[in-house]
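Below is one structure; the comments refer to it alone.
Here, each number is a calculation from the coordinates, and none is a lab measurement. Bear in mind the structure is a predicted one, so any value in this text is a computation, not a measurement. Positions of Cβ are generated from backbone atoms using ideal geometry, with glycine treated the same way; all protein chains shown enter the neighbour counts.
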Amino acid sequence: MNPKAEGFPGTDRVGEEDAGDARSLKISDDVVAVIAGVAATEVEGVAGMSGGIVGDITEILGRKNLSKGVKVEVGERDVSIDLFMVVKYGARIPEVARQVQERVKEAVENMTGLNVVEVNIHVQGITFSQEGKGGD
Amino acid sequence: MEIGDRVLLAVFAGGLVVHFGMTFLSMVGWAVPGKIIASIEKSPEGRTAISVVAFAFLLLSVRFFILTFRRKYGSKAVAHQGPLGEVRVYLGAIENLVKRVCRQVPGVREVKAHISNVGDSVSVFVRCSVSPDVSIPDLTRDLQKTVQTYVKNVVGVEVNEVKMVVENITTESKKSRGSAV
């Protein structure tokens, strides 16, 4: 397993499926979302993820939500990922988006063995300060 | 905030003023509000009317609560397809970017921007206030060039046109408004 995997919370939710083939492995959507979310925020130029009302309330309540702003659709072997994010002012969006797509695809494929068919990027805002994450 | 929400907010605030005003006056000894409420409570029609108004205010409260969490950017976006997936940049984000870029140009005081997308490209409409000591034709030409170049480089989309309206000539920025020339 990729050494990075030890740092990801939620990876213990990966478990074997009881029904059907005893060797089949079902990976939870949440696990893929956390891997993608952490990989995306590591890219230079990404200020943070944009999670909507539920994500905001969760963070106000003090819970760190690593899958915030990530929507995944996991199939048998394929996974499609949508990332909703806020980009730092000055960063070139096409370049940041390409790096995020590559980093997320690599992280998810290495850690889960799933085939990432697409990583769609939704840039919802631009932040102008180091600490701000919600746009202007 | 949309104009409809502004009207609702005005109604909501007006209702709260009346409600708490009456409550305050009752608490300091004015008996009339209490008598009015007592007479309304006696009739079924009065109770129904009060229930309807209370329910409407409850709905308005929920609406404004949700509005406080709603994102400023809308749902419209400009998209381009890459080899690993689609990249969508929301027009609200581009709008904030344009405002920021315009404010950095010397001579520009206040800026409002509106972005509309036409296929894979965008049109930018900027309304601004400028200092009295600048040449407006030169400034607007610089602004158009700057916005076009910046949006192209940073967002990666073509800019069809940059329309500009100089609304005012002012010596003050928005924070200390008051002395328009």
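Computed values, structure above
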{"read-out": "Mean projected area in nm² (Cα convex hull; one quarter of hull surface) for chain B", "value": "16.8 nm²"}
{"read-out": "For residues of A:102-110, the mean tally of beta carbons on other chains within 10 Å", "value": "1"}
{"read-out": "Cα convex hull of the stretch B:1-108 - mean projected area over all directions, nm²", "value": "13.1 nm²"}
{"read-out": "Only Lys, Arg (+1) and Asp, Glu (-1) charged, at Cβ; chain B dipole about Cα centre in debye", "value": "340 debye"}
{"read-out": "Computed [θ] at 222 nm, helices only, for chain B once each DSSP H run of length n ≥ 4 contributes -39500 (n - 2.57)", "value": "-18000 deg cm²/dmol"}
{"read-out": "Sequence-separation-based contact order of chain B, relative, with Cα cut under 8 Å and 6+ spacing, percent", "value": "14 percent"}
